[in-house]
Each structure stands twice: as structure tokens, then as C-alpha cells.
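> I'd like to ask you about the structure that follows.
The values are calculated or read from the model by the stated rules, or taken from the named source; none is laboratory data. Quick caveat, the model's predicted, so the values are computed rather than measured. Here the Cβ is made from the backbone with ideal geometry for all residues, glycine too, and neighbour counts use every protein chain on show. Quick note on the areas: whole protein, heavy atoms, side chains included, nothing else; ligands and nucleic acids left out. Shrake-Rupley method; radii C 1.70, N 1.55, O 1.52, S 1.80 Å.
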Amino acid sequence: MCDMARPRKPLLSRERIVSTALALIDSEGLPALSTRRLAAELGVSGPSLYNHFTTKDEILDAVADTVIAQVDVSALETGGDWRAGLLGWARSYRAALAAHPHIVPFLAQGPGRRPAGLKMADAAFGGMVEAGWPPAQATRVCAMVRYFVAGSALGSFARGFVDDPSAYDPADYPHLGQAHLLAEHQRQVDEGAFETGLRALVDGLALQFPARPTKG
């Protein structure tokens, strides 16, 4: 009996479509993603994608949710100190977004109906309310953290400066004599700036909204 011929390409699945779409966005940016281009990358015909996703936006939603699913929200769910919870959430959130900066503009629109995005929002808001924050203030704090994280992941401060010393004539820019070295230390500068800002945010919140009094 002859063995059945095996398919030359892996079978199409939602997971394969999403991972390929994310790889394409990572390498070439959001504008590069189209159903035609994605089908070509997968080695299939365009209509076959519609067996798994109805529209391109559904694919983008799935890609975005895959990125957000990487965020660790456990520190907000344990009922511990809200400061530690915010720090842990923000750091994990930034790490996930910084690994995929091209998807950040789409993610910045909010969680929509995406399960992982809604789970993260629920954990952040619930953790802050459980810690004693009034719901309206908890909403603002979560929004503030999201703005801060998304902005920090969207680009690099250090890479914005060219590594050519002649670009910083001391006659014009007397305080930028070392600016050409910033790009060389991009990770250190950017991560340090994020940590400085995050600590300032959390310390400022602690002063503005002290913890609820202990019940006697």
C-alpha cells in the first residue's frame, strides 16, 4: 500500500496566520500588512485566510492580543502592595511592547474586544480598587500607566541623536557635547529613562493618594 503524500506546507491555522503577521509587522511595519501580502508569506491563496479571519482588522486584533498576552499581570492579582503591582505590570507591559514597537500605534487605540487586553485592564483596575483606590482614580492611574508605557515603547530617545560629533557645534548647542554618544548607549539610556519616570510616577501617586487607613 502506498503511503499518502504529505502536504508540502504546514496546514493553515489561526496561530500560523497570527505569528506570520506579527513577524511581518515586526520587520516592515504596520503598512506592510495586507491580506494579499500575508497570504504570499504563508504560501496560500488570499481567500483561504477568510476561513480563519473575516477581515484584516480581525487579524490585527489577534496579533495585538498575542502581544498583550505576554504581559505579566500577576503582581496586580495577588492583593499585595499596589506600588509593587504597578511597577511589575508596567515593566512587563513595556517589555512586551518594546519587543514589537510597530504594533504599538494599533494597541494604543485600546483593548476593544480583545480578551488578553481586557484581562489586563481588568487586573490593573481590579488590583488598584482592591488596594483601596476609588474607582474613578483607579481608572485614571491605569490610563496614565498605559500612556507612559506606550510612549516609552514607541520609540527610542537615544537613537534620536546622530553619532556624528560635528552635528553638535558647541557654538550652537553648548550643552550637547556628549550627545553623539547617546545612540551607542541606547538601551542603557532608554531603560534608565523609563525606570526614572516610572519610579517618579509611583512615588508621586503615593504622595497624592495615600493608602487607606487601617481598620481598627
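> Do we find a residue being more than 15 Å from GLY197 (Cα to Cα), out of contact with any helix residue (DSSP H, G or I) (no Cβ under 6 Å at 6 or more places or on another chain) and hydrophobic (A, V, I, L, M, F, W, C) anywhere in the stretch 100-117?
Within the stretch 100-117 (the criterion being more than 15 Å from GLY197 (Cα to Cα), out of contact with any helix residue (DSSP H, G or I) (no Cβ under 6 Å at 6 or more places or on another chain) and hydrophobic (A, V, I, L, M, F, W, C)), the answer is no, since none of the residues qualifies.
> Also: Which of (1) at pLDDT 90 or above; (2) closer than 27 Å to TRP89 by Cβ; (3) in a helix (DSSP H, G or I) does ALA39 not meet, given it meets every other one?
Of (1) at pLDDT 90 or above; (2) closer than 27 Å to TRP89 by Cβ; (3) in a helix (DSSP H, G or I), only one is false for ALA39: (2).
> Hey, could you check the stretch 164-206 for residues that are within 19 Å of ALA96 (Cβ to Cβ) and open to solvent by 70 Å² or more (accessible area, probe 1.4 Å) and say which is farthest from the chain's Cα centre (by Cα)?
Ranking the candidates gives ARG187 first.
> Wholly within the stretch 64-107, which helices (runs of 4 or more DSSP H) include no fewer than the required count, namely at least 3 residues that are buried (at least 21 other Cβ atoms within 10 Å of the Cβ)?
Passing ranges, in order: 82-98.
> Looking only at the stretch 115-172, which residues are over 25 Å from HIS185 (Cα atoms) and among the polar types (S, T, N, Q)?
GLN137, THR139, listed by residue number.
> For the structure I just gave you, tell me whether LEU118 is over 12 Å from the mean Cα position of the chain (by Cα), open to solvent by 50 Å² or more (accessible area, probe 1.4 Å) and hydrophobic (A, V, I, L, M, F, W, C). Write out each step before concluding.
Details: over 12 Å from the mean Cα position of the chain (by Cα): yes; open to solvent by 50 Å² or more (accessible area, probe 1.4 Å): yes; hydrophobic (A, V, I, L, M, F, W, C): yes.
Yes: the conditions hold for LEU118.
> Continuing with this model, one more query. Select from the stretch 27-86 the residues that are of a type in the set (S, T, N, Q) and over 30 Å from PHE125 (Cα atoms) and list them in ascending order.
The answer is SER27, SER34, THR35, SER45, SER48, ASN51, THR54, THR55.
> Inside the stretch 149-163, can you point out the residues that are open to solvent by less than 70 Å² (accessible area, probe 1.4 Å) and in a loop (DSSP other than H, G, I, E, B)?
GLY155, SER156, PHE161
> Let me ask another. Is it true that some residue in the stretch 51-59 is among the basic types (Lys, Arg), under 13 Å from the mean Cα position of the chain (by Cα) and open to solvent by 20 Å² or more (accessible area, probe 1.4 Å)?
no
> Here is a follow-up. Taking ALA158 as the residue in question, decide whether it is over 18 Å from GLU195 (Cβ atoms), in contact with a helix residue (DSSP H, G or I) (Cβ under 9 Å, 6 or more places away or on another chain) and not polar (S, T, N, Q).
no
> I've got another one for you. List pairs: first residue in the stretch 168-195 and more than 24 Å from LEU154 (Cα to Cα), second residue surrounded by fewer than 11 Cβ atoms within 10 Å (Cβ to Cβ) anywhere in the structure, Cβ distance under 7 angstrom, at least six positions apart or on different chains.
The qualifying pairs are GLY177/PRO170.
> Given the criteria out of contact with any Cys (no Cβ under 9 Å at 6 or more places or on another chain), more than 30 Å from GLY132 (Cβ to Cβ) and open to solvent by 30 Å² or more (accessible area, probe 1.4 Å), does SER27 qualify?
yes
> Considering only residues that are part of a loop (DSSP other than H, G, I, E, B), within 16 Å of GLN70 (Cα to Cα) and basic (Lys, Arg), which ones fall in the stretch 108-124?
Selection gives ARG114 alone.
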